[in-house]
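The block underneath contains the structure these notes are about, expressed in structure tokens.
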Amino acid sequence: AQSVTQLDSQVPVFEEAPVELRCNYSSSVSVYLFWYVQYPNQGLQLLLKYLSGSTLVKGINGFEAEFNKSQTSFHLRKPSVHISDTAEYFCAVISVYNQGGKLIFGQGTELSVKP
Amino acid sequence: DAGVTQSPTHLIKTRGQHVTLRCSPISGHKSVSWYQQVLGQGPQFIFQYYEKEERGRGNFPDRFSARQFPNYSSELNVNALLLGDSALYLCASSSTGANTGELFFGEGSRLTVL
């Protein structure tokens, strides 16, 4: 079984500051990893994903994440945030052996960007 | 192009009633997944269907059921509603049933059980 822990439920930052949203996972098998974003009153949108290869993954809107297998982490970063980045961010994993599309999501981190 | 569409967007039911939620995937997508998102939590997997066959089921009681139609649209049914079923129900589609693919989510159906 897999589980995901997002270490911060809320992250307030000022506009143009850097931000890191932390995600740790637990799994007895190899996993694929994802970050999704949910803007108010909208569905989830994929930011980026790690399947294999380079551990540094670049996504949309200037976000990137680094997969660290030894620390079982997949932290999301952005060097300079904008007001429009205010949203809920979800880290998710899925077993590489799972054919049923069962994404396991974390509890979410609410990013609040202040002017 | 139309994204994933869900209906209804909001609904209110009372305990013991039944509800049907509908989802139309992106054109050409053959896989539909359903997730339940309780306020303040991440989405929880309920079902996945691919080519009209159930591919996966989450840890939900038998009161929850789903099906996929020949046009790849899908319905989620919940019987004997409980207060704890109040949540945002999200439908997601993908072009394949593989777990490496990107999921495209609809805006959800917000169910309130009184």
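The values are calculated or read from the model by the stated rules, or taken from the named source; none is laboratory data. Model, not experiment: these values are computed from the prediction. Every residue, glycine among them, receives a Cβ derived from its backbone with ideal geometry; neighbour counts consider all protein chains shown. Only protein heavy atoms, including side chains, enter the accessible area calculation; ligands, DNA and RNA are left aside. Shrake-Rupley method; radii C 1.70, N 1.55, O 1.52, S 1.80 Å.
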query: Mind checking the mean number of beta-carbon atoms from other chains within 10 Å of the Cβ atoms in B:104-112?
result: 3
- prompt: When the label point is put 7 Å from the Cα of B:LEU82 along its Cα-to-beta-carbon vector, which residues of segment B:20-41 have a backbone N closer than 19 Å?
  reply: B:20, B:35-41
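Hey, what did chain A get for relative contact order, percent, Cα under 8 Å, at least 6 apart? It would help to have the intermediate numbers written out before the result.
Values: 288 pairs, mean separation 43.1, N = 115.
With pairs under 8 Å counted, the relative contact order is 37 percent.
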query: Lys/Arg Cβ at +1, Asp/Glu Cβ at -1, dipole of segment B:5-113 taken about the Cα centre: which of B:GLN41, B:ASN99, B:THR9 is farthest positive-ward?
result: B:THR9
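Once fully extended, how much extra length lies between B:GLN41 and B:ALA98, figured as 0.36 nm per residue of separation less the alpha-carbon to alpha-carbon distance? The partial results should precede the final answer.
On the way: separation 57, 0.36 × 57 = 20.52 nm, distance 2.52 nm.
Full-extension gain reported as 18.0 nm.
Calculate, for A:GLN71 and A:ALA17, the FRET efficiency according to 1/(1 + (r/R0)^6) with r their C-beta to C-beta distance and R0 30 Å; round to the nearest 0.05. Could the numbers behind the result be given before it?
Details: r = 24 Å, r/R0 = 0.81.
For A:GLN71 and A:ALA17, the calculated efficiency is 0.80.
Around A:ASN61, with a cut-off of 11 angstrom between Cβ atoms, what is the net charge of the other residues, counting Lys and Arg +1 and Asp and Glu -1? Before the final figure, lay out the partial values.
Values: positive: A:LYS58, A:LYS78; negative: A:GLU64, A:ASP85.
Taking every other residue near A:ASN61 into account, the sum is 0.
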field: Percent RCO, i.e. relative contact order, over segment B:5-113, from Cα pairs under 8 Å lying at least 6 residues apart
entry: 37
- prompt: Among B:28-37, B:62-71, A:23-32, what's the highest-first ranking by average C-beta atoms within 10 angstrom per residue?
  reply: B:28-37, A:23-32, B:62-71
field: Threshold 30 Å² - residues in segment A:3-47 whose accessible area is reduced by that much or more when the chain is no longer isolated, probe 1.4 Å
entry: A:TYR32, A:TYR36, A:GLN38, A:GLY43, A:LEU44, A:LEU46
query: Which of A:LYS69/A:LYS102; A:LYS58/A:LYS114; A:LYS58/B:LYS30; A:LYS58/A:LYS102; A:LYS49/B:LYS13 have a Cα-Cα distance over 29 Å?
result: A:LYS49/B:LYS13
- prompt: Can you tell me the accessible area per residue over chain B, all protein chains present, probe 1.4 angstrom, in square angstrom?
  reply: 47
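Mind pulling the per residue volume of the convex hull built on the Cα atoms of segment B:73-112? Å³ is fine.
Working: hull volume 3.7 nm³, N = 40.
Expressed per residue, the convex hull around the Cα atoms of segment B:73-112 is 93 Å³.
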- request: Inverting the mean 1/r over all pairs of different Cα atoms, compute the Kirkwood radius of the protein assembly as shown and quote it in Å.
  value: 18.0
query: Expressed as a whole percentage, what fraction of the accessible surface of segment B:1-109 belongs to carbon and sulfur atoms when a 1.4 Å probe is rolled over the protein heavy atoms?
result: 48
message: Can you give me the Kirkwood hydrodynamic radius for segment B:46-90, using every pair of distinct Cα atoms, in Å to one decimal?
response: 11.5
message: Using all alpha carbons of chain A, what is the percent of pairwise distances in each 5 Å bin, ordered from the shortest bin to the longest?
response: 2, 12, 24, 26, 19, 10, 5, 2, 0
field: Cα Rg, Dmax, segment B:5-113, angstrom units
entry: 13.0, 38
